[in-house]
Amino acid sequence: MADAKLSQRKKQTPSKVDHPKNSSGKNTVSPGRDTARNGFASREELRATKDARPVGDAESWRKLLRIFHWGSLLAQFIITTISLTFLYVDTYFWPLVDRKGFLDTWACVHLLVFCASSFLTQYNFLMAIYVGPGYVPSKWIPEDKSHTQKLQWCAVCEGYKAPRSHHCRSCDRCVMKMEHHCPWINNCVGHRNHAYFLGFLFFAVMGCGQAFVVFLLIVLRIMNFAFTSTYYNHRAFRQQKTWYSMWARLFAFHLSPSFYTLPALLWIIVMTGFAVGVVLAVGALFVIQLRIILKNETSIESWILEKAAHYSSEEEDQNAKPERKRMPNPYHLGWKRNVQQVMWNITHNPAGNGIWWEVREDCDQFTLTQEQIRQKYFKNCLSVEYIAMKDYNGRIFPLVSQNFITCINFPWVVDEPRLALRPGDVVRVTRTQKHWLYGSKVPTPELKANGNTGSGDVPPYKMEEKGWFPRRVVEKVEKLEKLRQDLHEP
């Protein structure tokens, strides 16, 4: 029955990404060991696949609707308010025309630098949303059917996952070279929009850093006026003997009396907090993303390699083979070529087609994929089955149905769902916390009775239900079996 279902699935018209062919009709890129350069595609061959990138099937206008999300709207609000406040106060902070009526060159440069940073921040922000990460076509099957044995199956997309791709629950698609799902752009960061996302972070930090300096000096001037109750002109202000006078002389200015009010002071203080928050938070994220690009290693791939090193160390302890070589990153080609993979040219177009990748000489296209399959197998072997004893409605903060201690200790994971349970549901747990567990529901007998048992290449069920749930609503299956045996003993 499984073979019949598999043949029926293959009779459908799946989407494929065919490799580009040369004048002789042969493929120029292939993921197997029979390709150029000792079994790997050369840089010229991968460069030829740039125009063969599969794109998403959503219309252009639907892509822009992603901006109507709490994360995108909040990011737009912060960026816009900081920009408008800066443009308003900067005319008093550093006038474009000096006292003699001449144009101040440095004041113009100062203003133009901020305007350029604000524009490029908005441009990269919108392009990261509009372009998207790039999605693996639905029901995708590799051209070489033998490669299906080395790839993971996505039950939701009903196709195979290309190397470096992962399924995103929020986007409901398999994303090419998925880095993470960002709530600020309401989209995944992946193969096609990674350069735009990095540009968004860089120019946001640059503009907000400049705004922070201006806002801080404005706040200091207003507070100084409030304490001295004197309005200083340009000459008197330069004669101030305060600790910040050295810096203030670099930006000597005249303030409108409207700034010397409590609401103005509070508003600029709030904008100062927004600006320094963006510099610190987004700056840290920029450093992380820059490190990811330089190493050509996404956060998911880094986690896979860390677990591979952990498993290898355990095997070394058991087998007493300390000389075993650690698993390398197959996509690390040196920092210059790693940067070229993301920012191929000035238009931010990445290299490659998002399906097959340029890899190291000692690895192939499926090295990391097979390691992930191996780790998932170990995870399933180490999983523990629990059975639900109470109802759980799947809410993030179940204050009514659960106790207060469980609610305040909920897992701080934004992109992972909660798993609703009913008494009798069996759950296979793979991660544990003190008050919460993470696992997936075991298929019910009714689902197995329909013939979808998971034998062969047929997935066990289309949508796997998994997520976090309170520990207090379940009990271990082994513990219940022991209790039943104790109760039935004479």
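The values are calculated or read from the model by the stated rules, or taken from the named source; none is laboratory data. These numbers come from a predicted model, not from an experiment. We place every Cβ from the backbone using ideal geometry, glycine too, and count neighbours over all the protein chains shown.
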**OP:** List every residue pair whose Cβ atoms sit under 8 Å apart, with the two residues 6 or more apart in sequence or on different chains, where the first one lies in segment 370-395 and is under 30 Å from PRO328 (Cα atoms) and the second, anywhere, is β-branched (Val, Ile, Thr).
**Re:** GLU371/ILE304; GLN372/ILE304; GLN375/ILE304; LYS379/THR430; ASN380/THR430; LEU382/THR430; SER383/VAL429; SER383/THR430
Original post:
In this structure, is SER256 at pLDDT below 70, surrounded by 14 or more Cβ atoms within 10 Å (Cβ to Cβ) and of a type in the set (Ser, Thr, Tyr)?
Top reply: no
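One line per residue, one yes/no per condition, for (1) at pLDDT below 90; (2) crowded, with 19+ Cβ neighbours inside 10 Å:
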residue	(1), (2)
TYR130	no, no
TRP153	no, no
VAL156	yes, no
LYS161	no, yes
ARG169	yes, no
LYS177	no, yes
CYS188	no, yes
Original post:
If only one of VAL156, VAL109 is over 17 Å from THR298 (Cα atoms) and in a helix (DSSP H, G or I), which one is it?
Top reply: VAL109
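Residue-by-condition table, conditions (1) more than 23 Å from the chain's Cα centre (by Cα); (2) not charged (D, E, K, R):
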position: PRO95; (1), (2): yes, yes
position: PHE125; (1), (2): no, yes
position: TYR135; (1), (2): no, yes
position: ILE141; (1), (2): yes, yes
position: LYS145; (1), (2): yes, no
**OP:** Evaluate segment 44-56: report whether one residue or more is at pLDDT 50 or above, of a type in the set (Val, Ile, Thr) and surrounded by 15 or more Cβ atoms within 10 Å (Cβ to Cβ).
**Re:** no
Original post:
For segment 326-342, does any single residue satisfy the condition of being under 20 Å from LYS466 (Cβ atoms) and modelled with pLDDT of 85 or more?
Top reply: no
Subject >> Pairs with Cβ under 9 Å, 6+ apart, first in segment 91-118 and closer than 28 Å to PHE200 by Cβ, second part of a helix (DSSP H, G or I) and of a type in the set (Asp, Glu) >> reply: ALA107/ASP90; HIS110/ASP90; LEU111/ASP90; PHE114/ASP90
**OP:** Might you check whether a residue that is more than 27 Å from the chain's Cα centre (by Cα), in a helix (DSSP H, G or I), among the β-branched types (Val, Ile, Thr) and modelled with pLDDT of 75 or more occurs anywhere in segment 468-478?
**Re:** yes
Original post:
Got a sec? Which of TYR377, TYR386 is of a type in the set (Phe, Trp, Tyr) and either surrounded by 13 or more Cβ atoms within 10 Å (Cβ to Cβ) or touching a Ser or Thr at 6+ places or on another chain (Cβ under 7 Å) (or both)?
Top reply: TYR386
Original post:
Quick one: what pairs do we get from segment 286-312, first residue without any contact (Cβ under 8 Å) to a residue 40 or more places away in the chain, second of a type in the set (Val, Ile, Thr) and part of a helix (DSSP H, G or I), C-beta under 9 Å, 6+ apart or different chains?
Top reply: SER302/ILE292
Original post:
For segment 397-408, what are the residues that are at pLDDT 80 or above and surrounded by 14 or more Cβ atoms within 10 Å (Cβ to Cβ)?
Top reply: PRO398, GLN402, THR406, CYS407
Subject >> Residue list for segment 338-362, restricted to those being crowded, with 18+ Cβ neighbours inside 10 Å and closer than 20 Å to PRO328 by Cβ >> reply: ASN338, GLN340, GLN341, VAL342, GLY352, TRP356, TRP357, GLU358, VAL359
Subject >> Total residues in segment 91-108, condition modelled with pLDDT of 85 or more and either touching a Phe, Trp or Tyr at 6+ places or on another chain (Cβ under 7 Å) or closer than 16 Å to ALA211 by Cβ (or both) >> reply: 1
